[in-house]
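See below for the structure under consideration.
The values are calculated or read from the model by the stated rules, or taken from the named source; none is laboratory data. The model shown is predicted, which means the values in this text are computed figures rather than measured ones. All Cβ positions, glycine included, derive from the backbone under ideal geometry; neighbour counts span all protein chains shown. These area figures cover heavy atoms from the full protein model, side chains too; ligands, DNA and RNA do not enter into them. Shrake-Rupley method; radii C 1.70, N 1.55, O 1.52, S 1.80 Å.
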Amino acid sequence: QVHLVESGGGLVQAGGSLGLSCAASGSAFRLGAMGWYRQAPGKQRELVARATGLGTTDYGDSVKGRVTISVDSVEKTGYLLMNGLKPEDTAVYYCYAFLTPVGAETPSDYWGQGTQVTVSS
């Protein structure tokens with residue numbers, strides 16, 4: 001069993017910065033990708049950032065240039081740094097991992113519990 005534990009988040013003023021982290025723990029696994037999605041009230045869940053095990057990164061259009069993702073494969077922890085935050089960045093941010101637990105034949109999606117990010121104007 002693999003668990004994703006998120007930390008960070010909270011309240012920040014517009015223009016400020018915030019960092020999130022996501023630690024994967026539990027059974028041994030092979031990581032395919034790790035990232036964050038977010039969901040604001042009344043809106044669909046959208047990609048914030050994703051990093052693959054091959055080192056490629058992908059960012060949502062609404063955050064490009066303001067967000068940086070990194071993954072420490074040894075610590076099995078992902079980090080998301082968000083700069084120039086805007087009120088429209090307010091949402092619940094969910095950590096995501098696409099990984100294959102040892103002993104499993106295929107990879108699966110795993111999600112964290114979500115953390116609230118609120119940006120005040």
Out of Val92, Val74, Val2, report the one residue that is open to solvent by 60 Å² or more (accessible area, probe 1.4 Å) and either of a type in the set (A, V, I, L, M) or under 12 Å from the mean Cα position of the chain (by Cα) (or both). Val74
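Within segment 60-71, which residues are open to solvent by less than 80 Å² (accessible area, probe 1.4 Å) and not small (Gly, Ala, Ser)? Lay out the reasoning, then the answer.
First, pick out the residues of segment 60-71 that are open to solvent by less than 80 Å² (accessible area, probe 1.4 Å): 60, 62-63, 66-71.
Correct list: Val63, Arg66, Val67, Thr68, Ile69, Val71.
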When only residues in segment 8-52 that are open to solvent by less than 60 Å² (accessible area, probe 1.4 Å) and of a type in the set (S, T, N, Q) count, which is nearest to the chain's Cα centre (by Cα)? Ser21
So, in segment 30-65, exactly how many residues are touching a strand residue (DSSP E or B) at 6+ places or on another chain (Cβ under 6 Å), in a loop (DSSP other than H, G, I, E, B) and either among the aliphatic types (A, V, I, L, M) or closer than 28 Å to Glu105 by Cβ (or both)? 4
Exactly one condition in (1) at pLDDT 95 or above; (2) assigned to a strand (DSSP E or B); (3) of a type outside the set (D, E, K, R) is false for His3; which is it? (1)
